[in-house]
Amino acid sequence: MQINIDTPYVTVGEYARRSGQSDTAIRKEIEQGHYLIRPKKPGSKSAVLINMVHIAIEAAEQAQRVLPHIVKKSGAR
């Protein structure tokens with residue numbers, strides 16, 4: 001398996017564009033701890049940046065867990 005990531009971090013707006021979700025939905029997911037974000041200093045006004053490497057690793061791990069079941073169902077070896 002090979003995964004290419006064009007940038008390690010994206011803004012909430014860019015992730016919204018790529019995923020088709022709203023900014024509000026993504027910010028709610030961040031608050032719930034579902035997305036890993038780049039740490040910011042308290043009081044910083046810098047943009048919230050979502051860690052795309054973490055998302056890619058999570059997706060790869062999920063695919064590895066599901067793949068054996070898909071192969072069994074299809075009869076492939």
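The values are calculated or read from the model by the stated rules, or taken from the named source; none is laboratory data. A quick note: this is a predicted structure, and the numbers were derived from the prediction, not measured. Note: ideal-geometry Cβ built from the backbone for every residue, glycine included; neighbour counts use all protein chains shown.
At a glance:
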{"read-out": "Residue in region 59-66 that is modelled with pLDDT of 95 or more, surrounded by fewer than 14 Cβ atoms within 10 Å (Cβ to Cβ) and in a helix (DSSP H, G or I) present", "value": "no"}
{"read-out": "Residue under evaluation Arg27, criteria (1) at pLDDT below 95; (2) in a helix (DSSP H, G or I), criterion not met", "value": "(1)"}
